[in-house]
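The values are calculated or read from the model by the stated rules, or taken from the named source; none is laboratory data. The structure presented is a predicted model; accordingly, all values stated were derived computationally and were not measured. Cβ placement follows ideal geometry from the backbone for every residue including glycine, while neighbour counts extend to all protein chains displayed. Accessible surface areas use protein heavy atoms only, side chains included; no ligands, DNA or RNA. Shrake-Rupley method; radii C 1.70, N 1.55, O 1.52, S 1.80 Å.
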Amino acid sequence: MGEVGEAAPVDVTGPPAAVGRGRAVAGRLARFARHEWTLAVLGSLLLAVVLTWPTVRDLTGTIPQDVGDPTLQAWQVAWGGHAVLTNPTQLWHSNTFWPEPYTYAYSDTLLGYAPFGFFGEGPVAAVARYNLLYVLVHALAFVGAYALSRQLGAGRAGAAVAGASFAYAPWKLAQAGHLHVLSIGGIALALAMLARGHGWSLRHGYRPERARPGWAVAGWAAAAWQVSLGFGIGLPFAYALALLCLGAAGGYGWSWWRHRRRPAFGRRLLVADLAGGVFFAGVTLLMAAPYFEVVARHPDGRRTVEQIAMFSPPLRGFLTAPPESWLWGERHEAARASLTFAGEMTLLPGMVLIGLAAAGLFVSAWRVRHRVALAAGALVTVALAAGTTLGGDGDPGYVTLVEHVPGWDGVRTPGRLVLWTTLLLGVLAAGALTVGDTDSEPGAEKAGRPGGGWRRWGRLVLVLPVLLVLAEGVNRTPHVPAPVAPAAMHGLRGPALVLPSDGIREFHVMLWSTDGFPKIVNGLASFVPAKQQEIRAASTGFPDAASVAYLRGVGVRTVVVLPAYTAGTPWQGAETRPVDGLGVRREAVGDGYVYHLD
């Protein structure tokens, strides 16, 4: 014992058991940090930030590509979150296009992103939310294709090429303003989960002992989520899943007949598939119901073969990059000039990807029959993505699907099927880069095989194709100022009409309506609802006696006139027209005017 005033010795090490637990926790954290999937996810996020730059530099003030479709989609995500939180029964009857019903189904909804809409309010939050999703969808596409390729048996380098090409293919740069088109990561991720759940890979085929029913359920759930983002991408995916199921069932039956005994297929896996398949089908039908209702109410909203022909690319479009491509944009300027609708016809999957996939036809870790199947699938998807170009009219081809496959007539831009071409080429390329790669074999390094140093150098060499693929995805996408909501839109009481009501400004009004979500007549879709057209026509003389009486009669209570945008429209100078004797109260708010009709 120490003397008085002398500090007693302190045990800085602590009890041995506590030290052991601390070291164990630290070890687990270190292993987690070094784990392949941790690195893949973090790496994909970092890549997404860099290759979508400068999106994160100004999340609230700018928006990628233009102020058209991105502002619509910012509203879609915001409305989905608002409706789910406040009144889910009114989800499909949005605050726009009043008094029409089912207006949320006038375009792809991005409903699967509704949870993001739970956070933040108003237009600024909607723009920030959109920008974050714009970055995250690229990261998810990388992770999804990487996971799928790894499950199929590719090495890390091959899987990275597949992930990089799926996330950053040059054609996607032309779609920077279409979040619903960029949202394809769920396709690859669902396929990866389903393959893992069924113990299946390209290298080893079906291994029932590796089946994981839980992963199968997760795959079906991911597929349902993908469909909830929209049918433009989700409908072909649903049919692709149906074809895969038929193919799997056929292969099962063939094996049973060939070997005269039933192949192993666990009961839990069967239950998982039945439950997951029913859930997927249920979500798909629930999503489809409002769209069928819209077509029934507005037959002019149905896509025609003539519209599809407008967006059908020639074959040279699949070797042409959009102007947003840093590497190919200027070099392909002459080729783009010959395209009638370059935004939907510049469909280059990537020159490096095409070269690697071609090599994968001859040298690959995949079996010959699988290489042929992948190549054939890529060619079929190109033929379908060409729309009406091949064969003169697309029949047989894309038009055949439009005329005979339920729902396919709602997809007017066939070129977007190039996402399947990109995915299949990525898997082919992954097979080429997996030859001689043993990094997918557990314990390969621990076995002390000779030539470990050469293998490490070989893996470094395999990084080069990844970098080359990523170089083709470097963007020159413009980031434009997001439209700022006028003060007159704040606290708007509906039903309301915002003038001018026409053109792309309607998307901005929809975005601004996220401030409280008042019911508004405004909105823009691929068709004009009859009631909206009627209200617009009746309001051209506003605020005269006839227009005021009509608007009161249909239930409009507030009209906002934004003089900054009325030049050249029927509403130019509306703010100077007299309102005496009309029972209308006009209020100047900021640079706008609010008319109270009651």
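Could you go through segment 491-510 and let me know if any residue there is among the hydroxyl-bearing types (Ser, Thr, Tyr) and either open to solvent by less than 20 Å² (accessible area, probe 1.4 Å) or touching a strand residue (DSSP E or B) at 6+ places or on another chain (Cβ under 7 Å) (or both). Walk me through it before giving the result.
Step one: of segment 491-510, the residues among the hydroxyl-bearing types (Ser, Thr, Tyr) are 501.
Cutting the leftovers down to either open to solvent by less than 20 Å² (accessible area, probe 1.4 Å) or touching a strand residue (DSSP E or B) at 6+ places or on another chain (Cβ under 7 Å) (or both) gives us 501.
Yes, because at least one residue in segment 491-510 is among the hydroxyl-bearing types (Ser, Thr, Tyr) and either open to solvent by less than 20 Å² (accessible area, probe 1.4 Å) or touching a strand residue (DSSP E or B) at 6+ places or on another chain (Cβ under 7 Å) (or both).
Name every residue in segment 111-127 that is open to solvent by 10 Å² or more (accessible area, probe 1.4 Å), within 13 Å of Gly81 (Cβ to Cβ), touching a Ser or Thr at 6+ places or on another chain (Cβ under 7 Å) and of a type in the set (A, V, I, L, M), in order of residue number.
Result: Leu111, single match.
Sort out which residues of segment 157-175 are crowded, with 24+ Cβ neighbours inside 10 Å and either more than 26 Å from Thr55 (Cβ to Cβ) or of a type in the set (A, V, I, L, M) (or both), and write them in order of number.
Gly158, Ala159, Ala160, Val161, Ala162, Ala164, Ala167, Ala169, Leu173, Ala174
Go through segment 366-402 and report how many residues are of a type in the set (Gly, Ala, Ser), in a loop (DSSP other than H, G, I, E, B) and either farther than 29 Å from Gly431 by Cβ or open to solvent by 30 Å² or more (accessible area, probe 1.4 Å) (or both).
4
I'd like to check something: does segment 571-580 contain any residue that is open to solvent by less than 20 Å² (accessible area, probe 1.4 Å), in contact with a helix residue (DSSP H, G or I) (Cβ under 6 Å, 6 or more places away or on another chain) and farther than 16 Å from Pro99 by Cα?
Scanning segment 571-580 turns up no residue that is open to solvent by less than 20 Å² (accessible area, probe 1.4 Å), in contact with a helix residue (DSSP H, G or I) (Cβ under 6 Å, 6 or more places away or on another chain) and farther than 16 Å from Pro99 by Cα.
What is the number of the single condition among (1) open to solvent by 90 Å² or more (accessible area, probe 1.4 Å); (2) farther than 21 Å from Ala221 by Cβ; (3) of a type in the set (A, V, I, L, M, F, W, C) that Trp328 does not meet?
(1)
Do you know which of the residues in segment 294-313 that are open to solvent by 60 Å² or more (accessible area, probe 1.4 Å) and assigned to a helix (DSSP H, G or I) is nearest to Ala342 (Cα to Cα)?
Met310
Mind counting the residues in segment 31-78 that are over 30 Å from Val463 (Cα atoms), open to solvent by less than 50 Å² (accessible area, probe 1.4 Å) and of a type in the set (Ser, Thr, Tyr)?
Looking only at that region, the number is 2.
Quick one: would you say Leu85 is surrounded by fewer than 16 Cβ atoms within 10 Å (Cβ to Cβ) and at pLDDT 95 or above?
Spelling it out, Leu85 is indeed surrounded by fewer than 16 Cβ atoms within 10 Å (Cβ to Cβ) and at pLDDT 95 or above.
I need the full set of residues from segment 572-595 which are part of a strand (DSSP E or B), touching a strand residue (DSSP E or B) at 6+ places or on another chain (Cβ under 7 Å) and within 23 Å of Val484 (Cα to Cα), in order please.
Of everything in segment 572-595, those that are part of a strand (DSSP E or B), touching a strand residue (DSSP E or B) at 6+ places or on another chain (Cβ under 7 Å) and within 23 Å of Val484 (Cα to Cα) turn out to be Arg586, Glu587, Gly592, Tyr593, Val594, Tyr595.
Condition first: open to solvent by 10 Å² or more (accessible area, probe 1.4 Å) and out of contact with any helix residue (DSSP H, G or I) (no Cβ under 6 Å at 6 or more places or on another chain). Now tell me which residues in segment 519-545 satisfy that.
Lys519, Ser526, Val528, Ala530, Lys531, Gln533, Glu534, Arg536, Ala537, Thr540, Asp544, Ala545
Quick check, is Leu353 surrounded by 24 or more Cβ atoms within 10 Å (Cβ to Cβ), within 20 Å of Gly473 (Cα to Cα) and within 20 Å of the chain's Cα centre (by Cα)?
Against the criterion (surrounded by 24 or more Cβ atoms within 10 Å (Cβ to Cβ), within 20 Å of Gly473 (Cα to Cα) and within 20 Å of the chain's Cα centre (by Cα)), Leu353 does not qualify.
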